[in-house]
Structures are given as structure tokens and as C-alpha cells.
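Structure record follows, encoded as C-alpha cells.
The values are calculated or read from the model by the stated rules, or taken from the named source; none is laboratory data. Keep in mind the model is a prediction, meaning the values are calculated, not measured. Positions of Cβ are generated from backbone atoms using ideal geometry, with glycine treated the same way; all protein chains shown enter the neighbour counts. Just the protein is used for accessible areas: all its heavy atoms, side chains included, with ligands, DNA and RNA removed. Shrake-Rupley method; radii C 1.70, N 1.55, O 1.52, S 1.80 Å.
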Amino acid sequence: MNPFLRRCILIVCVLLLVSDHALAETASKTVDVPFVVACPFATVADELSFDALRALWRKGLAETEEIAHLTLRPEAIALFSDAFGPPDPSAIFTAVDPVGKIRGGNRGCALIPAVELTPELKRIRVGASPAPWDAAYDPTADPLNRKAPTDGPFAEKSFDPSLVSRVLITGTTALTRNTSYAMAQHGAAWAGSAVKEIFESADIRHISNESSFWAKCPEPIRSRTMQFCTPYEDWRLFESLGVNLIELTGNHLRDYDWPPLLETFELFEREGAPYYGAGRTIEAAARPYTLRHNGNGFVFLGCNSAGPEHVFVTGTLPGVHRCDFDQLEADVRHYVEAGEIVIVTLQYGEAYSRKPGDYQKRDFNRISEAGAAVVSGSQSHFAQSYGVASDRIVHYGLGNLFFDQMDTPIVGTRQELLDRHIFYDGRLLQTEIQTTMLTEFARPVPMTSAERSGLLSEILPLTECLESREEAR
């Protein structure tokens, strides 16, 4: 054979081998894609054992009526059949849009990539596996993590923890009366010791502080006074919890007139604790708090619509920002159009009711529809219900956090909700409901399973389905 021809054939063969190797290498590349069991937000169940999930997949056996079947994309069947076996067609369904399939339905959940979660869905734990946004998450220990080919339909569904921001929003805190007295006996850090882990699981840790710190605050005693102030040493509670954002919209902040509120500003400024919702001037009180975290830009806005009149900032005296809902709506739209995530916390009129009143529902939803990702009621001493959409959430009232209402004036004021909002790549991905029970007038502790189920069974069935802003257009 001609030497030149032999050399050409050899080169072609080598190129073909290299090309085949490159193609094989590309085909063998995979990416971790954490899937989740996602049910409607109003689902009371929190967890499904791995054995129960496998029994549902293989045999159609449901451990709970709330999770009686799963819907997933057709392409995902192969990813799970390798480990779970062939699916039972009576319980495992396919749909191009699994979330759309279960939206508004009963007994239906979806099996979807974690990045496809929305606020109207609830991630159900499988066993004790942490969520992909938790610090302890390990993809190799997650039974729902799949190795998806980089040239397949789930190649873009990996989860990047560097895009996550976890925001904890809490209810009424007033370190006064019997709460402050108990802290004086046991220490400030004692009051928060049982919820410390909840705070540490968030990046942004919010407190709605409703009683001013004051150097001349009387020594705490057991009392039912309605005139509130907080001793300086109680600041150690916030310090022990790593609180890094303080809302000042409460109606007791000027119970001893304006000097204690000024001292409160000065204390927070010395300690490097950002605050919003009140200020030395009208302009300062209305100023939002802004920050960036993991690429997510946040704007926090807060105001008081309930009064009393003497608590509001004026042209000459410091105070709390008065709600102007026309202006608030305009501000929310402005920041949303600028690409920011807006969180609004409102001090509203008190109602010892799980459901919001007509005016509360109107005002909260108005601000939500303007574009706020979260609208949350800080006023409530009694935990209230939610409204959810695919892109936002409204919580009408969280209940107490640190305040001495031990089932007074009605049973239920010891029951507390804390919302951990999970943001991912500029949008609200999930809202996880934490539940605690107030003990010893000052110390919230995580609820037992029975206590939690009882409270969620009261509140979650009241959940309203809101239109997403896309649907509204």
C-alpha cells in the first residue's frame, strides 16, 4: 500500500478513536440532582420514611392519606426505577408538569427536582435526610439524590447552595413583665436555649422587638402591667441567638415616652444590630433595610397601622413608622422592578382568631399583589393562617415568641409559629413552618409531634390559594 495512503488511514483511525473516547466520556458525565417529595402547602404531614416511600412506589401502599400517590415527569421514571424497581401504576403517575397536575388536588404529591419547588408546595422529609439548603446536607446520603446525565433533561436541575439565603421571621417579642422576671432568675440566654438551633439554621435572623431597652427600666417583678420597658441586660438574649435584624414597629415602644426609644436605637447601633420600622426622624423611620446575601438582594419594609397615636414618629420626636398603604404599595413595586426581593412585616390590629379579618386580608393581600415575596403579620399574639401562591406567601400572624402570655387571655397564646423562608437564586423557594410552645413565661421549646400536628391541623386547612402574579397578568 502506498505509504502516504497508509499514513492517512492511520490518522483517520486515531481521530475516530479519540472522538469515540470523547463521546463516551461526555456520555458518562453526570450531575447531582436532589429530588424532593413535594405536597400542597396545607399538608400536615412532615415526613415519610424511606420504607414507606418504597412501598408506595412498588406496591401502591400509602402510609398516609395525604401522600397517596406521586406524579413525576416521564423522564424521571428511569432515574428512580434503577433503585426503587418498577413503579406501581395505581400510585405513581407521570405528567409533563407534575406541579400543575397536583395543584389544587387532594391526596396528590409530586416527585420533582428541589430547584422546582415553590411556596405553594411543602417539601416532605424522607427519613431524616436534611434539605439541600441545610448545612448538614450530604448528596451521597440523600435517597432522593439522582445522578443525572449532563446531556439529559435534568442536566440544569442541580442545586447550588451558594445561591441560598435562609430568612427566619418571628412573631411578638416583648422582654418585659413576667418574661423579663424569669430571665432575671435564670439568665437571658436560658430563655432562647431551646430555639437556638432554629436561629442558627438561618442566615438572616429576625426579631420583632416591641419593648424599648431603657437604663432606668424598673427591676423586673411578676406583674400584668401594660406599660413596657426592657432592662439592658436582656439584650444578651438577642446576642445569644445571633439576631441580626430587628423590627421596631411595636405599639409599646414609647410606653415611657421617647427617651427609651432613643436609647434603644443607640444600643442597637453600638452592638451593630440593624433595625427598621422606627427612627429618629420621619425619613429614617420609613427607610427600608437592605442587604445582599449569596447573590440575593433583600429589602425589608415595616410599619404600624394600629397605633396608638403617641407611638408614631413626628417632625420633632422619634417613633414608629405609620403605615401609608398607598405609599407602601408604590415602594414595593419600585423595589421589585429593580430586581430586589421584598419582605414586608406589618404591625396590625390584634385579633384572637386563626383567620384574618376582612380589613387585614385586604391590606396584606394588596401589598402581596404589589410584588412582595413575603408579607408577615408581627402583631399577632395568636397564630394565624396563611395565603400562598407559586411566587409569594402571606402569613397573617405568627403569634408570640418571647412574651409572657401563658394561654391568656385565651388558650392558644403559648402556641408559636416561626417561618424559615428559603430563597434561591432570587426567588422564594419554600417556607418551612417551625412550631414552638412557650414555657415558664419566657422560654419557647420545640413542640412535640402531637402538639405540632394539632396546631397545624387547625391552621393549614385555612390556607388561601392566591393567584401568582403571572396568572394575574
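How large is log10 of I(q)/I(0) for region 67-188 at q = 0.12, 0.16, 0.22 Å⁻¹ when the intensity is taken from the Debye formula with one equal scatterer per alpha-carbon? The calculated log intensity ratios at q = 0.12, 0.16, 0.22 Å⁻¹ are -0.59, -0.88, -1.49. The Rg/Rh ratio of region 155-210, with both radii computed over alpha carbons and Rh defined as the Kirkwood radius, is 1.20. Label sites at Arg292 and Val31, each approximated as a point 7 angstrom past Cα along Cα to Cβ, lie 2.4 nm apart. The portion of the accessible surface of region 166-301 made up by carbon and sulfur, rounded to a whole percent, is 50 (1.4 Å probe; DNA, RNA and ligands excluded).
Full extension of the chain between Ala95 and Ala194 yields a length gain of 31.3 nm, computed as 0.36 nm times the residue separation minus the alpha carbon distance. Compute the whole-percent fraction of alpha carbon pairs in region 200-355 spaced more than 29 Å apart. I get 18 percent for the Cα pairs in region 200-355 exceeding 29 Å. The 3J(HN,Hα) values that the Karplus relation (6.51, -1.76, 1.60; θ = phi - 60°) gives for region 257-269 are, in residue order, 6, 7, x, x, 5, 4, 4, 5, 4, 5, 4, 5, 5 Hz. Gly and Pro appear as x.
In terms of its Cα atoms, region 179-236 spans 35, 21, 20 Å along the principal axes, sorted from long to short.
Maximal additional length on extending the Arg427-Glu283 stretch stands at 49.0 nm, based on 0.36 nm per residue less the C-alpha distance. Of interest is the spacing of the C-alpha centroids, which for region 82-141 and region 208-242 amounts to 44 Å. Under 5 Å from the amide H of Arg322 lie the amide H atoms of Asn304, Val313, each residue being 5 or more positions distant or on a separate chain, with H modelled from the backbone and absent for Pro and chain starts.
Taking a ≥ b ≥ c as the square roots of the Cα gyration tensor eigenvalues, region 310-353 comes out oblate, since a/c reaches at least 1.5 and a/b does not exceed b/c.
Each pair of Cα atoms in region 271-383 enters the Kirkwood radius, and Stokes-Einstein at 25 °C and 0.890 mPa s then converts it into a translational diffusion coefficient of 167 µm²/s.
Placing a label point 7 Å from the Cα of Ser449 along the Cα-to-Cβ direction, the residues of region 28-48 whose backbone N falls under 11 Å of that point are 46-48.
At q = 0.06, 0.12 Å⁻¹, what base-10 log of I(q)/I(0) does the Debye formula yield for the chain when every alpha carbon is treated as an equal point scatterer in vacuo? Calculated log10 I(q)/I(0) at the listed q: -0.32, -1.03. Model label points for Arg125 and Phe50, set 7 angstrom from Cα along the Cα-to-Cβ axis, are 1.5 nm apart. Legend: calculated FRET efficiency, Cys465 to Glu63, from the Cβ-Cβ distance at R0 = 22 Å, rounded to 0.05, equals 0.25.
Taking amide H as placed 1.01 Å from N in the peptide plane, Arg146 has its amide H under 5 Å from the amide H of Val33, Phe35, each at least 5 places away in sequence or on another chain.
Surface analysis of the chain yields an accessible area of 43 Å² per residue, using protein heavy atoms and a 1.4 Å probe.
Every helix of 4 or more DSSP H residues in the chain counts as -39500 (n - 2.57), and over all residues that averages to -8500 deg cm²/dmol at 222 nm.
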